[in-house]
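The values are calculated or read from the model by the stated rules, or taken from the named source; none is laboratory data. This one's a predicted model, so the numbers in the text were calculated from it and none came from an experiment. FYI the Cβ positions are ideal-geometry reconstructions off the backbone, even for glycines, and counts take in every protein chain you see. Just the protein is used for accessible areas: all its heavy atoms, side chains included, with ligands, DNA and RNA removed. Shrake-Rupley method; radii C 1.70, N 1.55, O 1.52, S 1.80 Å.
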Amino acid sequence: MGKATRRWLFADQLGDHFLDSLDQPVLLVEARSVLRRRRFHRQKAHLVLSALRHRAAELGDRAVFARTHTYGEALDRVKGELSVCQPTSHAALAFVSGLERVAVLPARGFTTPQEDFAAWAAGRGRHRLLMEDFYRDARRRLDVLMEGDEPVGGRWNFDADNREPPPPHGLGIPGPWCPQEDEIDAEVRRDLDRWERDGEVSFVGRDAPRAFPATLAEAAEALAHFVAHRLAAFGPYQDAMLSSDGVMAHSMLSPALNLGLLDPMECVRAAETAYRRGRAPLAGVEGYVRQLIGWRDYIWHLYWHLGPDYRDENLLAAHTPLPEWFAELDADAVEARCLSWALAQVRDHGFTHHIVRLMVLGNYALQRGFDPRQLSDWFHRCFVDGYDWVMTPNVVGMSQHADGGVLATKPYAAGGAYINRMSDFCGECRYRPNRRTGDDACPYTTGYWSFIARNEDRLAANPRMARSVYGMRKLADIDEVREHEAARGDAPP
Ligand SMILES: Cc1cc2nc3c(=O)[nH]c(=O)nc-3n(C[C@H](O)[C@H](O)[C@H](O)COP(=O)(O)OP(=O)(O)OC[C@H]3O[C@@H](n4cnc5c(N)ncnc54)[C@H](O)[C@@H]3O)c2cc1C
């Protein structure tokens, strides 16, 4: 197939790096069936449609922009052969692979090609596919923050410098970049309102002005703003949470990256340049680069490596359905301050930063044994940056330990003491992080010990959890703790 083959760009493949040339013809599809199938966050539906429509407007006559009910109908509108870069979900890959006139090309938008990952994984023998090892390999291969064969500064890993609790008065840095909505956004809003009124679609979460980039130019501006004003503060407070600052120094660029509006290598090189010019410290820049060429690519490759059945892993036999208040983002029903705040962030923005996802929302679900597949679906629908490839490993593996330790060597379960150390939530909360029974017992502390007790046999076999199991066995009141937890049922804490 020649260069001029029309390129079908999925809605998460919007950047120029998904094209072979700047005059290649394009097919873009807005298929309404996608919105009908799942109950997405209103702001996510807005962002995706806004980005698609902006891209179609930019491409003008070069693009066929098919606004249809299904992909099949859209394909009927174009003649001839098409090519597509590997789509980002098992289902979409199976769909395009079954179409005769569509050539499926290798994936783009990630930093490690699939064959390099396969070679690395094959070379591991019986060793685990450790993210840290994958990351170091990628640093060398991509020549990022390297001096010859050695890491810049003599260390590969600055995690220990990047776990500071939050400074009480905030970070004192400019807020994140924010876009101006335009006529295309207004049209998207009118359409979503109408479809919702007509009962065709239904959303979760609240509408609000768009907060994330929808065009290539906006994404470039957001990256430049982050590197100039916020990257220098990224490192030390990566794991910290503050009730007055929902994003801390995080980049908020995952929505743009996952729409394909930014190429991750662009972000990596911009951060490395800031370090080399003395504008950001090494520990923070290393931390940021690790997220991109390390975590993001590692998650992407594991999604394919672990196969479509991985989403059904449930080795901790967690079958609790998501309670209504959690599923519906009813933050006001919750008294535990951290959880109420986290749910409100999702309700109002469709976004929280990593530690809130992992240690407040995910941790609560893990402790109560929420069904991992339902929880993945919830995260996927409710977060503006949620897609199948990124949600499945992050939720099933990292957050819920449902794979028994393929992705993370121990469950990310923690009691109220962790949340107290890493945030300012507990001070004014009606629950006490150090109490595990009684009216003011912290639900995270009670939940933590109940989780360890419920999974005692499995966790005792994990050397990294042995101390927790030992601690639980020494608790004289563990039966009372478990009764206290059971009495809460699925009521909001
Ligand atoms: C339960 C759970 C669900 C998650 N769901 C998503 C999701 O739907 N989409 C998503 O992009 N990320 C997801 N993550 C990973 C991570 O939380 C987000 O990428 C990050 O919070 C995005 O905010 P940021 O751009 O400000 O990130 P920063 O802190 O600025 O990090 C830089 C970049 O690193 C990448 N990154 C870092 N960690 C991961 C990771 N574990 N997986 C993939 N990319 C990573 C992101 O692209 C991010 O933009 C999830 C993590 C957990 C624990």
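What order do His229, His41, His169, His250 take when sorted by accessible area (1.4 Å probe), most exposed first? The partial results should precede the final answer.
Details: His229 90, His41 0, His169 175, His250 25 Å².
Sorted by accessible area, descending: His169, His229, His250, His41.
Could you order Lys474, Lys79, Lys44 so the one with the most accessible surface comes first? Probe is 1.4 Å. Intermediate results must be reported in sequence, preceding the final value.
Values: Lys474 135, Lys79 185, Lys44 10 Å².
Descending accessible area places them as Lys79, Lys474, Lys44.
For Ala220 and Phe95, compute 0.36 nm times the residue count separating them, minus their Cα-Cα distance, and round to one decimal in nm. Working shown, then result.
On the way: separation 125, 0.36 × 125 = 45.00 nm, distance 3.20 nm.
Here the segment from Ala220 to Phe95 would lengthen by 41.8 nm.
In deg cm²/dmol and to the nearest 500, what is the mean residue ellipticity at 222 nm of the chain if only DSSP H runs of at least 4 residues count, each as -39500 (n - 2.57), divided by the residue total?
It lands at -12000 deg cm²/dmol.
State the extension gain, in nm to one decimal, for the chain segment bounded by Glu187 and Val104, taking 0.36 nm per residue of separation less the distance between their alpha-carbons.
26.6 nm
Leaving out ligands, DNA and RNA, what percent of the accessible area of the chain is carbon and sulfur, probe 1.4 Å?
That share works out to 49 percent.
Would you please give the residues with an amide H less than 5 Å from that of Cys85, counting only those at least 5 places away or on a separate chain, with H modeled from the backbone geometry?
Under 5 Å from the amide H of Cys85: Leu105.
Output the relative contact order of the stretch 311-488, whole-number percent, from Cα pairs under 8 angstrom with separation of 6+ residues.
It rounds to 20 percent for the stretch 311-488.
Taking only the alpha-carbon atoms of the stretch 311-488, what semi-axes of the equivalent ellipsoid follow from 5 times the gyration tensor eigenvalues under a square root, in whole Å, largest first?
24, 21, 14
How large is the accessible surface per residue of the chain, computed with a 1.4 Å probe and reported in Å² as a whole number? Mind showing how you got there, number by number?
Details: 20560 Å² over 493 residues.
In whole numbers, the chain has 42 Å² accessible per residue.
What relative contact order, as a whole-number percentage, does the stretch 288-365 give when Cα pairs under 8 Å and 6 or more residues apart are counted?
It comes to 17 percent, rounded to a whole number.
Over the chain, what is the mean sequence separation of C-alpha contacts under 8 Å (at least six apart), divided by residue count, expressed as relative contact order in percent? Numbers along the way, then the final one.
Numbers: 782 pairs, mean separation 76.3, N = 493.
Normalised by residue count, the contact order of the chain is 15 percent.
Round to a whole angstrom and tell me the spacing of the C-alpha centers of the stretch 1-80 and the stretch 379-408.
Answer, in whole Å: 26.
Counting pairwise Cα distances across the chain, what percent come out greater than 39 angstrom?
24
Taking amide H positions as placed in the peptide plane 1.01 Å from N, state which residues far from Gln238 in sequence (5 or more) or on other chains have amide H under 5 Å from it.
Under 5 Å from the amide H of Gln238: Glu164.
Just the projected area, averaged over all directions, of the convex hull on the alpha carbon atoms of the stretch 211-295: how many nm²?
Approximately 5.4 nm², given one-decimal rounding.
If I model a spin label as a point 7 Å beyond the Cα along the Cα-Cβ vector, how far apart are those points for Asp440 and Glu200 in nm?
Result for the modelled spin labels: 5.4 nm.
Could you work out how far apart the two model spin labels at Leu22 and Leu475 are, taking each label as a point 7 Å from the Cα in the direction of the beta carbon, and quote it in nm?
Result: 6.2 nm between the two label points.
What does the extension gain come out to for Ala118 and Ala486, with contour length at 0.36 nm per residue minus their alpha carbon separation?
128.0 nm
Taking the Cβ-Cβ separation of Arg432 and Met265 as r and a Förster radius of 56 Å, what is the calculated FRET efficiency to the nearest 0.05? List each step's numbers first, then the result.
Numbers: r = 47 Å, r/R0 = 0.84.
Efficiency at R0 = 56 Å is approximately 0.75.
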